[in-house]
Amino acid sequence: MHLAVALDGAGWHPAAWRSRAGDLFSAGYWLDLVLEAERGRLDFVTIEDGLGLQTAQFHRPDDRTDQVRGRLDAVLVAAFVAPLTTHIGLVPTTDVTHTEPFHVATGIATLDHASNGRAGWRPQIASRAADASHFGRRTTPQLTDTDVLDSESIARRMRPLFVEAVDVVEVVRRLWDSWADDAEIRDVATGRFIDADRVRHIDFVGEHFSVQGPAITPRPPQGQPVVASLAHASTPFEFAAACSDVVFLTPHDGAGISRILTQVDDAVARFGRPLLRFADLVVFLDDTPGRKARLDALSGTEFTSDAAVFAGTPAALADLLVSWHAAGLDGFRLRPGALPHDLHAITRAVVPELQRRGAFRTSYDATTLRGHLRLPRPDRRLPI
């Protein structure tokens, strides 16, 4: 199976920051986390990001001061750790509602060069109306308390943003392909650095924007960095099938896996692209119970999530992963409840248990993220 971890601040539990309060905005903190994930031979890490301060509510800001507020830029964090790591994939999150696709394409292509082919990208729509106020160019729908109780309701309200996001990913992919692999000649004797005929405009014209190109960055080492997306409902499933290589799903039990995979398969059949299916799990790992309950007590409320929440031993988590993998999932993105504790438990207890069962690699056998995921390097698509 494939394994990844999702890194976000001090961890996914809102009370987790109390153990590492002074480290969250330091470069060394993030480097230590990614190096630990690499020691565990994980496929990749994702790095969360957003346009507004974190909130206790999905759809609107709040004024709480007892939880982490503020974060570092995900692409820049990935770029910092890239030359200091050797194998693990680096998948930052970026907004695609208010960020220009040309800038995204440049940043992720640069990350792929800096990491020698280990970059990925998680495009994310800006679902909170308040985020638009940072830019002042447009508005986005305000979700209601009723909306957030139902993933399909959110998907319906946000559908125009997902439609736009498909265009963003298409533009980014075309920009990555605007340089041929052999466009750089670098021939000092003849004085030619590039072959101009091998660098092409993309001339994209869509409903929301027009981008001429070409990119300013040569084609990434992977050709196309891996694109991943998080999906809870029908419209996000369609988005993933239309333009992603990996989708993160959120089944809450074994019975839900078949239902969700059927929906994803239906979307994939309409678009005809291969898609790896990962399940997200928030994990609190200990040989003795009670740590999550103690964090809940500090927070003043029981922690719940869009993804399933697992609290138990590393061996019990390994049992669950093997069972869910057999149900048709390609891999898992584990969200550590508290960092670095739960990350260490993943790499030093869960991974060895899976290796003992022959369910996970014991060493890296590839040097790129596409290689880890067994995805071929795509040929260049000539821009239309």
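Would you check if Val104 is buried (at least 23 other Cβ atoms within 10 Å of the Cβ) and touching a strand residue (DSSP E or B) at 6+ places or on another chain (Cβ under 6 Å)?
no
Taking into account only those residues within the stretch 284-327 that are among the aromatic types (Phe, Trp, Tyr) and within 21 Å of Glu353 (Cα to Cα), which is surrounded by the fewest Cβ atoms within 10 Å (Cβ to Cβ)?
Here the answer is Phe310.
Filter the stretch 153-189 down to residues that are of a type in the set (Gly, Ala, Ser) and part of a helix (DSSP H, G or I) and give me whichever is farthest from Thr217 (Cα to Cα).
Ser153
Collect the residues in the stretch 326-384 that are of a type in the set (Gly, Ala, Ser) and outside any loop (DSSP other than H, G, I, E, B), keeping them in residue-number order.
Once the filter is applied, which keeps residues that are of a type in the set (Gly, Ala, Ser) and outside any loop (DSSP other than H, G, I, E, B), the stretch 326-384 yields Ala326, Gly331, Ala345, Ala349, Gly371.
Within the stretch 36-70, can you find the residues that are outside any loop (DSSP other than H, G, I, E, B) and crowded, with 16+ Cβ neighbours inside 10 Å?
Matches in the stretch 36-70: Glu36, Ala37, Glu38, Phe44, Val45, Thr46, Ile47.
Any residue in the stretch 257-275 that is in contact (Cβ under 8 Å) with a residue 12 or more places away in the chain sitting within a Cβ distance under 7 Å of a residue that is among the hydroxyl-bearing types (Ser, Thr, Tyr) and in a helix (DSSP H, G or I)? List the pairs, counting only those 6 or more apart or interchain.
Gln263/Ser234
When both residues are 6+ apart or on different chains and their Cβ atoms are under 6 Å apart, which pairs have a first residue that lies in the stretch 77-92 and is under 25 Å from Arg374 (Cβ atoms), and a second that is among the hydroxyl-bearing types (Ser, Thr, Tyr) and in a loop (DSSP other than H, G, I, E, B)?
Here the result reads Ala82/Ser115; His87/Tyr364; Leu90/Ser115, each pair linking the stretch 77-92 to a residue that is among the hydroxyl-bearing types (Ser, Thr, Tyr) and in a loop (DSSP other than H, G, I, E, B).
Take the residues of the stretch 137-155 that are loosely packed, with under 13 Cβ neighbours inside 10 Å and under 23 Å from the mean Cα position of the chain (by Cα): which is modelled with the lowest pLDDT?
Asp150
Which is modelled with pLDDT of 95 or more and over 24 Å from the mean Cα position of the chain (by Cα), of Thr301, Thr313?
The match here is Thr313.
Select from the stretch 344-382 the residues that are of a type in the set (S, T, N, Q) and surrounded by fewer than 17 Cβ atoms within 10 Å (Cβ to Cβ) and write down the one among them that is nearest to the chain's Cα centre (by Cα).
Restricting to residues being of a type in the set (S, T, N, Q) and surrounded by fewer than 17 Cβ atoms within 10 Å (Cβ to Cβ), the top hit is Thr367.
If I go through the stretch 166-203 residue by residue, how many of them are under 21 Å from Thr110 (Cβ atoms), touching a residue at least 60 places away in the same chain (Cβ under 8 Å) and not basic (Lys, Arg)?
Residues flagged as under 21 Å from Thr110 (Cβ atoms), touching a residue at least 60 places away in the same chain (Cβ under 8 Å) and not basic (Lys, Arg) within the stretch 166-203 amount to 13.
Can you name the residue in the stretch 183-204 that is among the aliphatic types (A, V, I, L, M) and over 27 Å from the mean Cα position of the chain (by Cα) and, of all such residues, is nearest to His372 (Cα to Cα)?
Out of the qualifying residues, it is Ala183.
What single numbered condition from (1) at pLDDT 95 or above; (2) acidic (Asp, Glu); (3) over 17 Å from Asp112 (Cα atoms) fails to hold for Asp66?
So Asp66 meets the others, but not (1).
The values are calculated or read from the model by the stated rules, or taken from the named source; none is laboratory data. Note that this is a predicted model, so its numbers are computed, not measured. FYI the Cβ positions are ideal-geometry reconstructions off the backbone, even for glycines, and counts take in every protein chain you see.
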